1. So, Y247, is that one touching a residue at least 12 places away in the same chain (Cβ under 8 Å) and under 18 Å from S28 (Cβ atoms) or not?
2. Among the candidates R272, R242, single out the residue that is on the phi < 0 side of the Ramachandran plot, surrounded by 17 or more Cβ atoms within 10 Å (Cβ to Cβ) and of a type in the set (K, R).
3. Return the only residue of I324, I303 being touching a Gly at 6+ places or on another chain (Cβ under 6 Å), at pLDDT 95 or above and on the phi < 0 side of the Ramachandran plot.
4. Kindly list the number of the only condition in (1) farther than 18 Å from E38 by Cα; (2) crowded, with 19+ Cβ neighbours inside 10 Å; (3) in contact with a Phe, Trp or Tyr (Cβ under 8 Å, 6 or more places away or on another chain) that fails for R201.
5. Which numbered condition trips up K260, out of (1) touching a His at 6+ places or on another chain (Cβ under 9 Å); (2) on the phi > 0 side of the Ramachandran plot?
6. Read through the list (1) part of a strand (DSSP E or B); (2) surrounded by fewer than 23 Cβ atoms within 10 Å (Cβ to Cβ), then give the number of the only condition that L89 fails.
7. Test of understanding: among G105, G75, G58, which residue is buried (at least 21 other Cβ atoms within 10 Å of the Cβ) and either on the phi > 0 side of the Ramachandran plot or modelled with pLDDT under 95 (or both)?
8. Out of (1) of a type outside the set (F, W, Y); (2) without any contact (Cβ under 8 Å) to a residue 24 or more places away in the chain; (3) surrounded by 16 or more Cβ atoms within 10 Å (Cβ to Cβ); (4) more than 30 Å from D140 (Cβ to Cβ), the odd one out for A261 is which?
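The values are calculated or read from the model by the stated rules, or taken from the named source; none is laboratory data. The shown structure was predicted, so the numbers you read here are calculated from the model rather than taken from an experiment. Cβ atoms come from the backbone with ideal geometry, glycine included; neighbour counts cover every protein chain shown.
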Amino acid sequence: MVDKVSSSILDLTEGACGICHRILEEISDQGMRAESRECFEGVDAWLVDASGETVGVGRDITWAPAILRAEIDAGILPEDIAFELEDILTDKTDLRRVARMSGYGRVVTSAGLIISLIWENGGYVEVKRDGIGVRAIFYDENGDEISNSVTGFCPVCAINISAGRVPSIRRKIAEQLKGSKNTGQIKYERGILNSIRWKNRRVYTDLIEDDKIIGRNWGCCIAYSTVRAEIAAGLGSKKWNRIFKHYCDQCPLKHCWIGKAMGALGNKVLHRMKNVNVKEIVRMEDYITVDIMDNEKRVGYGIGTLCSLSASVNALMRSDAIKILKPTPAEGFPYKERKRKEG
């Protein structure tokens, strides 16, 4: 039996990703861990308690939302929050659609191709907070929505799901990736297990094959930690691994790390941006790149690798945060300015 967490420890402005990681921290303190394996439709995840028993299972298009499903299945979250979260996780139809493009838990390459395709045809992609999730909206060259936008666990998830619902886009991305074997598929064929814990204010991942640890590393979230562990295990392309390392090398956040998952911070940024009518437009270069727009003026930009939430945080640190977040006057501050005398 797993204890239900109090809603008081959860900050809903940190979004689904932030909540997932906060629960991971909580259960890790109780001696539990999350485990996962890639499968064709994405990732299967489950929670393991201190006695080795499985207490919750879940499947979604990549590691973190699959783990969140397992956390919900284990009955750890308050019912009202769990209900809201279930609404932004991926249903079976969308799982199959996304898998036809890439599959095996890999969503970044396909997201990059989707973003590039939209831009090549004169459109653009907007990402914004929507309730507890993140919404991705595709626009054509006339500024009209290409399809019904989707609210998902994170921006990259939402981009893949949105594309999966447009047959012409889905077929084109599937054709571009046809015949390629991604790292998730390699791990699936080799039966590699991901073992994930929160420790020392960050996420640790072990890759286990035939009961032996073949790769171990840590990172600012489940995705970054797992990919770094894959690199440690000798997986992934040399080009991608080099790009990924370069991103981590130049990430300024590591020097002022406060022990919050990258997705939690990114969601906080998007939440504030929505409240002050600042938009985030996503494009693809070597990295996922976001342009922060106040009306028609670009007031900042940032880069990320595995998710545009990291790009949102990166934008805050490399740009003028005042223009992005538009701070309000301090609340409850005891000093009161004196009124100027007239005349």
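1. Criteria not met by Y247.
2. Criteria check complete, one pass: R272.
3. I324
4. Failed condition: (2).
5. Condition (2) is where K260 drops out.
6. Of everything listed in (1) part of a strand (DSSP E or B); (2) surrounded by fewer than 23 Cβ atoms within 10 Å (Cβ to Cβ), L89 misses just condition (1).
7. Checking each option against the conditions leaves just G105.
8. All conditions are met except number (2).
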